[in-house]
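Every number here is computed from the coordinates shown, using simple stated rules; none is lab data. In this text, all values refer to a predicted model and were calculated from it rather than measured experimentally. For neighbour counting, all protein chains shown are included, and Cβ atoms are generated from backbone atoms with ideal geometry for every residue, glycine included.
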Amino acid sequence: MLYGLSDHMKARVQLLDDGLIVVAALLLAGLALRDVALNARRPPYMARQNLFVALKYCAAAIAFSLVLYMASEDAVRAQLPFAAAALTLFGMETSTLLALAVERKRAASMNETLGFAVTGVLIVKPSSGAPYFVLVRNENLREGAGMWVPPGGHYEPQHDGSPFEKLRAKIYAEVGFRARLFHPYDVELGPEESEKKMEGGAWLPPPVFYLRENLHGRCSWGHTSHLDFVYICESDDVVANVQPKYPPAVQIHIPIEQCTTDIEAERTIGQLIDNWWHTHRGERPSSRADLPRDVTWRLRIAAHLYLKQNLQLGK
C-alpha cells in the first residue's frame, strides 16, 4: 500500500492507520458494553466477556501494525517478543499472525529497494549509410548531473504486461523510432507462438541478457537496484511525427563497425561525447562519469551479435 509514496506521505498513511485502529478499538468497546438492538447496557458478565474479545483483537491489530511498520527486518525481529507477549496476554495464537507480518514486511522492503527496468540497445538502419547505435542524454541521472544511456526506463510487471512492448512504447516516446525486436540466436519466439492464447500466462520475448544494477543511491522511484531486461532492437531511420522526449540535440549516434571491441567502442563513444560537449556545453568534465562502463559493454556485445548474424545471412 505504501509503495511509491514519499516519506512524508508514508508517515501520514501510517498515522491514519494507527488512528483507525484506535477508532476500531473504541467502537468494539462500545459494542461490548451496550446492546445496540435493545439500546441498553449489557449485563456485567456479558459486557466483560465482549470487552475481553474486543481488546484481544485490538491487541492483534496493534501487534500486526507494529511489526509491519518497523524500519528493517532486524527491527521487526527485535519487536517480536513484545508483540507476542501482547497477544499471549489475551490467549491468542501468535505464530501465524507474526509470520504473516514478517513476510509482508520483507515483501514491502523488496518492493522499495529492487525495481525492474527495460533497456533497448537500438540499432538504426538508414536507407543509405552504415547502421548505428543511439544513446540519449538523461539529465535526471546522477542526481541531475546527467548520463548517456540507451533508451528505456522503469518496468512494472504487475501493470505493463510484456517487457518488450513496454520498451517499444518507451523508444517511440523517447526518440521517435518504431522498434522491432532483433533475435541474435537461432531459436526465437516467432509471431505464431506469441499470438497463441495461454491459460493463466503469456509468451514473453526473451531479452538478450539480464543486468542487475546497483544504483549507488536511489532512483526517482526510490529503488536502490534494478533488474534490467536488455533487448537489442532494430529500426529504420524514419522518425515518427512526434515530439520525442530526447530530440536529436541530446542524442549521439555511434557507428556499429566502431564498437567491435571494448577499447574501440569506449574511444569512439568518448570522442562523440566530447564533440557534443564542445558544441552544446563547453569543456567536458574530466571525470567522464557521464558514460557508464556497462553501456560500452552492451554496445560491444550488440555489435558482435548483429554483425555476426548479418555475416551468416550474407547481408
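Full extension of the chain between Arg178 and Trp277 gives 32.8 nm of extra length, using 0.36 nm per residue less the Cα-Cα distance.
Around Thr260, with a cut-off of 13 angstrom between Cβ atoms, what is the net charge of the other residues, counting Lys and Arg +1 and Asp and Glu -1? Kindly include the intermediate steps, with their values, before the conclusion.
Values: positive: Arg267, Arg300, Lys308; negative: Glu257, Asp262, Glu264, Glu266.
Charge balance near Thr260 sits at -1.
In order along the stretch 164-169, the Karplus-derived 3J(HN,Hα) couplings, from 6.51 cos²θ - 1.76 cosθ + 1.60 at θ = phi - 60°, round to 5, 5, 4, 5, 4, 5 Hz, and Gly and Pro are given as x.
Among residues other than Ala130 with Cβ under 12 Å from its Cβ, the summed charge is -1 (Lys and Arg +1, Asp and Glu -1). In a simple Cβ point-charge model (Lys, Arg +1; Asp, Glu -1; nothing else charged), the stretch 213-315 has a dipole of about 140 debye relative to its Cα centre.
How would you rank 224-230, 245-251, 152-158, highest first, on the average number of other Cβ atoms within 10 Å across their residues? Don't skip to the end; give the middle numbers.
Details: 224-230: 18.9, 245-251: 14.7, 152-158: 16.6.
Packing order, densest peptide first, comes out as 224-230, 152-158, 245-251.
Computed 3J(HN,Hα) for the stretch 200-206, one whole-Hz value per residue from the Karplus formula 6.51 cos²θ - 1.76 cosθ + 1.60 where θ = phi - 60°, is x, x, 7, 5, 10, x, x, glycine and proline marked x.
What nm distance separates the two modelled labels at Glu143 and Leu307, each placed 7 Å from Cα along Cα→Cβ? Once both label points are built, they end up 3.9 nm from each other.
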